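Participant: Shown below is the structure under consideration.
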Amino acid sequence: MCMKDVLLKKKKKKMAAEEGVGVGFESNNEEKMMNDKVSDDEFEEGEIAGEDSDSLKASAAATIGHEPHPLEHSWTFWFDNASTKSKQATWGTSTRAIHTFATVEEFWSLYNNIHHPSKLAVGADFYCFNHKIEPKWEDPICANGGNWTITFSRGKADTSWLYTLLAMIGEQFDHGDEICGAVVNVRNKQEKISLWTKNAQNEAAQLSIGKQWKSFLDCNENIGFILHDDALKQGRAAKNKYNV
């Protein structure tokens, strides 16, 4: 069974189990890996219930009941809590790594026990990046890249965020080696999902990634790609280098 089939099979189980219930800690998902129920106020926003690495892996393996399905790459969830940000702080200094996962089972055990975008506080940024790549423009691997972005109304990005993660960690992009990671930004009236890439000058790869991403999300609107360097220098005035 290929990795895409494994991820989709587990996604279908999760979606079926969540039918009629909420997301985040309130879910009664049958694949939930925690033995004890937790409430929203027991954990800091962005914190994972039972985030001890060894216990997480053991719990995932025990629940699934068979050998885990390794991903081609390891990935790390990062979180920037709006409540810890300050105007004086350097951008990115409040971003912290949450947990690194390397198997399909670990991914689902994490995903089922963290808040989804619609449940995050305004100002929060939630990342999933290739292990050892920091979600910062200054990271050497990200420095010469850029990002594709799709904007959603507030509370409407949950499904697209999940599909983006599945396509990314499941290596469904033809130029997957060009992808650094993805981030969802939660703001007052909207949520934005961005896909970060490594080499902005590789036009063929960037256009391919943008078109495939739209296809995975069944997105019909035009989306743009902005260079990190332009965003850093020009801010909101930065213009798209590519459009699909």
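Participant: Quick check on N185: is it of a type outside the set (F, W, Y) and not in a loop (DSSP other than H, G, I, E, B)?
Facilitator: On the way: of a type outside the set (F, W, Y): yes; not in a loop (DSSP other than H, G, I, E, B): yes.
Yes.
Participant: Condition first: of a type in the set (S, T, Y), assigned to a helix (DSSP H, G or I) and under 21 Å from P68 (Cα atoms). Now tell me which residues in segment 96-119 satisfy that.
Facilitator: Of all residues in segment 96-119, those of a type in the set (S, T, Y) come to 100, 103, 109, 111, 118.
Filter again for assigned to a helix (DSSP H, G or I), leaving 109, 111, 118.
Listed by number, the residues that qualify are S109, Y111.
Participant: Restricting the search to segment 122-177, which residues are surrounded by fewer than 19 Cβ atoms within 10 Å (Cβ to Cβ), among the small types (G, A, S) and outside any loop (DSSP other than H, G, I, E, B)?
Facilitator: Answer for segment 122-177, where residues must be surrounded by fewer than 19 Cβ atoms within 10 Å (Cβ to Cβ), among the small types (G, A, S) and outside any loop (DSSP other than H, G, I, E, B): S153, G176.
Participant: Related question: Taking the condition of a type in the set (V, I, T), surrounded by 16 or more Cβ atoms within 10 Å (Cβ to Cβ), more than 19 Å from I133 (Cα to Cα) and in contact (Cβ under 8 Å) with a residue 24 or more places away in the chain, does I223 pass?
Facilitator: Working: of a type in the set (V, I, T): yes; surrounded by 16 or more Cβ atoms within 10 Å (Cβ to Cβ): yes; more than 19 Å from I133 (Cα to Cα): yes; in contact (Cβ under 8 Å) with a residue 24 or more places away in the chain: yes.
Against the criterion (of a type in the set (V, I, T), surrounded by 16 or more Cβ atoms within 10 Å (Cβ to Cβ), more than 19 Å from I133 (Cα to Cα) and in contact (Cβ under 8 Å) with a residue 24 or more places away in the chain), I223 qualifies.
Participant: Then there's this: Which condition does I209 not pass, out of (1) in contact (Cβ under 8 Å) with a residue 60 or more places away in the chain; (2) over 20 Å from L71 (Cβ atoms), if it passes all the others?
Facilitator: Single failed check for I209: (2).
Since every read-out is calculated from the coordinates, none of them should be taken as a lab result. For clarity, every value in this text was computed on a predicted model and none was experimentally measured. In this analysis, Cβ positions are derived from the backbone assuming ideal geometry, glycine residues included, and neighbour counts consider all displayed protein chains.
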